[in-house]
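Taking it in order: structure first as structure tokens, then the write-up.
Laboratory data are not the source of any read-out in this text; all were calculated from the coordinates shown. If you're wondering where the values come from, they're calculated on a predicted model, not measured in any experiment. Heads up, the Cβs are rebuilt from the backbone with ideal geometry, glycines too, and the neighbour counts pull from every protein chain shown.
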Amino acid sequence: MEENTNTPSNFIRDIIDKDLEEGKHNGRVHTRFPPEPNGYLHIGHAKSICLNFGIAKDYNGLCNLRFDDTNPEKEEVEYVDSIEEDIRWLGFDWEDRMYFASDYFGRLYDFAVQLIKESTAYVDSSSAEEIKNNRGTPTEPGNESPFRNRTVEENLKLFEEMKEGKYEDGAHVLRAKIDMASPNMHMRDPVMYRIKRAEHHNTGNEWCIYPMYDYAHPISDWIEHITHSICTLEFEIHRPLYDWFLIELHLEDRPQQIEFARLGLNYTVMSKRKLLQLVKEGYVAGWDDPRMPTLSGLRRRGYTPESIRNFSERVGVAKRDAVTDYALLEHSIREDLNIRASRVMAVLKPLKIVITNYPDDKVEQLETDNNPEDTSAGKRTIPFSKNIFIEQDDFREVPPKKFHRLYPGNEVRLKSAYIIKCNDVIKNENGEITELHCTYDPATKSGAGDSRSVKGTIHWVSEPHAVKAEVRLYDRLFTAEDPEADDTKDFKEFINPHSLDIMSDCLVEPGLADAKPGDKFQFIRQGYFCVDPLSTEGKLVFNRTVALRDSWARIEKKGK
RNA sequence: UGCCCGAUAGUGUAAUUGGCAACACGCCUGACUCUGGAUCAGGAAAGUCUAGGUUCGACCCCUAGUCGGGCAGCCA
């Protein structure tokens with residue numbers, strides 16, 4: 001399949017083009033994707049992954065995977081593993097360039113010593129509370145720490161002792177000596193190192209001091225020869241600090257930080273904290289619940305890597321906060337599945353039909369296309385018999401206007417089979433419809449030349465051959481476009497109570513009996529579905545990825 | 001009454017870098033169809049936040065304002 005090759009221009013590519021023209025970095029382009037292993041990747045990360053790996057590819061450069069693991073209290077190997085898996089699944093390859101910020105703890109320490117020697121870093125023995133109180137506010141300057149002017153020797157000794165574990169957590173921090181009156185809060189002597197006795201997923205108990213993001217990130221980028229360090233908007237104000245460390249350390253060929261707006265998607269939440277809350281409080285079944293915007297959730301839902309890459313391309317890259325319409329994501333997956341998913345028939349809410357003029361024991365094997373969009377997908381046969389099931393929604397005793405489906409006296413075509421006519425509606429003592437009696441027209445067999453045509457075609461399954469299945473219909477997780485908009489209400493108040501609808505009495509065509517987890521299908525006239533990872537041959541479970549566009553639903557709605 | 005950033009159809013992005021607004025999604029019509037899907041054809045929809053200025057000419061440059069977002073973790 002061909003992917004969108006003409007990537008639209010964006011301001012980051014403009015910057016790179018200009019850098020290349022000016023001969024910066026000797027014409028190299030090297031990016032990195034730097035997740036913190038403290039949660040699962042979501043669709044917003046996918047945008048960043050596609051951006052970073054995509055740019056590297058288009059400019060003949062490289063993109064590293066680097067785990068930003070400077071806070072051992074929050075990070076776990078479980079997340080490292082899931083992140084690797086998700087990026088690979090998305091279709092990107094970091095080759096042998098998987099790094100950890102923790103790989104650089106030694107060098108980071110040495111660089112810190114260098115700053116101390118140059119009197120641009122000092123050990124502050126103030127408490128966290130005192131540091132906070134002396135930082136000032138956005139409108140008022142801060143106060144200098146009483147420890148700000150310790151001698152180099154004293155700082156060196158203290159910092160080394162911090163490393164050696166001579167002090168308790170929080171007793172001292174290492175700070176950059178910049179400007180307590182800076183209008184940019186991040187330049188008011190930011191903390192570089194803190195003492196934290198926590199086991200690190202990678203370095204174990206080797207260290208008891210850990211660098212802060214603002215200090216570790218620019219240096220990690222420099223160590224890896226990154227040229228363009230792409231991050232999200234909230235780091236914009238950190239940029240002067242990013243540059244400050246590199247300049248003070250006299251590092252050449254410095255990477256450039258560029259910020260873009262993170263992805264916003266309506267009817268969902270994207271913060272790791274909130275997603276974690278949904279998982280922990282049981283609103284969803286886990287990180288890979290098909291309603292989650294996580295990559296593992298989307299994967300389980302049936303989204304393909306191609307569709308997510310195309311989506312990421314289409315949302316664009318800019319510097320303004322924006323919210324993308326969920327419909328764009330849905331369009332991306334429909335577009336992909338339309339050309340690759342086999343069409344099959346499945347009845348979600350069965351309504352029995354007896355074809356009164358069809359021989360009792362006869363069974364025909366009818367031929368049908370696997371995918372009309374792709375002739376190479378071939379054909380298959382499906383059994384047809386006297387007793388079949390159709391969708392309850394495809395019958396109305398009293399049809400509304402423009403209803404092209406089955407109703408008393410009307411004819412419809414059974415997809416790939418015959419035209420039938422509804423003669424009798426059979427009801428039980430409660431007046432509920434139990435079955436329909438129809439007659440078929442033998443002259444209208446599918447593929448038997450040009451027979452009559454009727455307005456409606458519906459799907460069906462043969463009763464004796466049908467296979468039972470459970471089908472899970474998903475809808476958006478939230479009822480509000482922006483569940484976080486109202487700060488008098490918790491976002492969880494907007495959870496859609498109908499986001500999961502389990503249909504347990506569905507019937508699918510026999511060929512689906514041995515469908516394997518992950519297999520994707522179009523249930524004709526309904527939508528795209530995939531086999532859930534927990535599905536078994538004894539109990540088939542399908543997840544609805546996305547419904548087909550439904551213009552009848554629109555017509556009907558307008559009529560009301 | 002601080003600092004930083006942003007503003008283009010309903011939504012998200014473009015605009016050969018100063019030449020008079022385009023693409024995608026969505027929406028509406030129609031054609032076609034053994035999926036009310038797909039496909040095809042067509043359509044509505046912004047005059048670029050506001051007010052000035054520079055210029056033959058401004059979405060683009062300048063000034064002032066408005067609105068929105070971010071910044072006071074020993075989080076990233």
Task: Mean shadow area of the range A:112-239, taken as a quarter of the surface of its Cα convex hull (nm²) - done: 8.7
Open item on the list: Once the cut-off is 24 Å, how many percent of the Cα-Cα pairs in the range A:348-459 end up in the long-distance tail?
Closed with: 27
Task: Whole-number percent relative contact order across the range A:11-260, with pairs defined as alpha carbons under 8 Å at least 6 apart - done: 19
Open item on the list: Taking the alpha-carbon distance from residue A:57 and a cut-off under 24 Å, which lysines remain once sequence neighbours fewer than 8 residues away in the same chain are dropped?
Closed with: A:18, A:24, A:47, A:319
Open item on the list: Using a Förster radius of 45 Å, what is the FRET efficiency between residue A:475 and residue A:443 based on their Cβ-Cβ separation? Nearest 0.05, please.
Closed with: 0.60
Task: Value of Rg to Rh for chain A (Rh from inverse mean 1/r over Cα pairs, i.e. Kirkwood) - done: 1.11
TODO: Determine the sum of side-chain charges near residue A:254: Lys and Arg each +1, Asp and Glu each -1, restricted to other residues whose C-beta is under 14 angstrom from that of residue A:254.
DONE: -4
- [ ] Using only Cα atoms, locate the centre of the range A:473-511 and the centre of the range A:533-560, then give the distance between them in Å, rounded to an integer.
- [x] 13
Task: Rg over Rh, two decimals, the range A:11-260 (C-alpha only, Kirkwood Rh) - done: 0.98
Open item on the list: To check you understand DSSP bridge types, tell me what percent of the beta bridges within chain A (both residues inside) are antiparallel, rounded to 5.
Closed with: 70
Task: Least to most buried among A:164, A:84, A:75 (fewest other Cβ within 10 Å first) - done: A:164, A:84, A:75
Task: Entries in A:117/A:274; A:362/A:539; A:349/A:558; A:177/A:280; A:74/A:516; A:379/A:558 that, when Cα-Cα distance is taken, lie over 32 Å - done: A:117/A:274; A:177/A:280; A:74/A:516; A:379/A:558
Open item on the list: Once each part is reduced to its C-alpha centroid, what is the distance from the range A:179-220 to the range A:259-286 in angstrom?
Closed with: 27
- [ ] Under 9 Å from the Cβ of residue A:225, count the other residues' Cβ atoms, weight Lys and Arg +1, Asp and Glu -1, and hand me the total.
- [x] -2
TODO: With r as the distance between the Cβ atoms of residue A:128 and residue A:199 and R0 = 30 Å, compute the FRET efficiency 1/(1 + (r/R0)^6) and round to 0.05.
DONE: 0.90
Task: C-alpha center-to-center spacing [the range A:25-96, the range A:224-258] in angstrom - done: 18
Task: Net +/- balance of residues flanking residue A:293 in space, Cβ distance below 15 Å, scoring K and R +1, D and E -1 - done: +1
Task: Separation of the residue A:156 and residue A:21 label points, Cα + 7 Å toward Cβ, nm - done: 4.8
